[in-house]
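Read the structure below first, then the notes.
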Amino acid sequence: MSAAQKNITINIGKDFFLTVNHKNSDGTPINLLGASFFARLRETYDSPIALADFVCEVQTPVSNGQVIISLSDEITALLERTKITQYVWDYNMIDAAGFIHEKLYGNVYVRGNASREDET
């Protein structure tokens, strides 16, 4: 199965969460026992260094097939918002046999934060 495109928006200085539900072709949840996940944020897919690693937490029970992907507000505060900049990301599963499967990929749009503290 090929990876699906999922564009995301991250608010600067705010915690980011995304829930991913892994399902079989018949719509039933995939049991994630023995699987692990990782996701990274880069300026471009060719960038040699990742800007951030997302936290990927498999929810219990693992038979529900649910993973929460997150970035802390400290990490999102480091992202830059310009009119010409967007980032990219991907999300991968390492199955129980050790094989890596790309599950999601896409563009990351970064939004400013109007409710931040005023600058002095």
Practice prompt. For Phe54, list long-range residues whose amide hydrogen, built 1.01 Å from N in the peptide plane, is under 5 Å from its own amide hydrogen.
Written response: Ala39, Arg40, Leu41
Response to the item:
Under the Karplus relation with 6.51, -1.76 and 1.60 and θ = phi - 60°, whole-Hz ³J(HN,Hα) for region 88-97, x at Gly and Pro, equal 10, 8, 8, 9, 10, 10, 9, 7, 4, 8
Worksheet item: If packing is taken as the mean number of other Cβ atoms within 10 Å per residue, what is the order of 20-26, 96-102, 59-65, highest first?
Response: 59-65, 20-26, 96-102
Worksheet item: What Kirkwood radius, in Å to one decimal, follows from the Cα pairs of the chain?
Response: 15.5
Worksheet item: Ordered by packing density, taken as the mean number of other Cβ atoms within 10 Å over each peptide's residues, highest first, how do 34-41, 67-74 rank?
Response: 34-41, 67-74
Response to the item:
A correct Karplus calculation of ³J(HN,Hα) over region 21-34, with 6.51 cos²θ - 1.76 cosθ + 1.60, θ = phi - 60°, whole Hz and x for Gly and Pro, returns 9, 8, 10, 6, 4, 8, x, 7, x, 8, 6, 8, 4, x
Practice prompt. Evaluate 2.2 N^0.38 Å with N set to the residue count of region 29-82, then give the Cα radius of gyration divided by it.
Written response: 1.41
Worksheet item: Could you give me the ³J(HN,Hα) list for region 49-60, computed from phi with Karplus coefficients 6.51, -1.76, 1.60 and θ = phi - 60°, whole Hz, x at Gly and Pro?
Response: 10, 6, 7, 7, 9, 6, 7, 10, 10, 6, 7, 9
Worksheet entry | Taking region 22-93 and dividing mean pair separation by its residue count, relative contact order in percent (alpha carbons under 8 Å, at least six apart) | 37
Item to complete: Scan around Asn11 for amide H atoms under 5 Å from its own, H built in the peptide plane at 1.01 Å from N, and keep only partners 5 or more places away or cross-chain.
Response: Arg111
Worksheet entry | For the chain: relative contact order, % (alpha-carbon pairs under 8 angstrom, 6 or more apart) | 37
Worksheet entry | Where Rh is the Kirkwood radius over Cα pairs, Rg/Rh for region 1-45 | 1.01
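A short reminder: the numbers here are calculations on the coordinates, not readings from a lab. Keep in mind it's a predicted model, so treat the numbers as computed, not measured. Cβ: placed from backbone, ideal geometry, glycine included. Neighbour counts: every protein chain shown.
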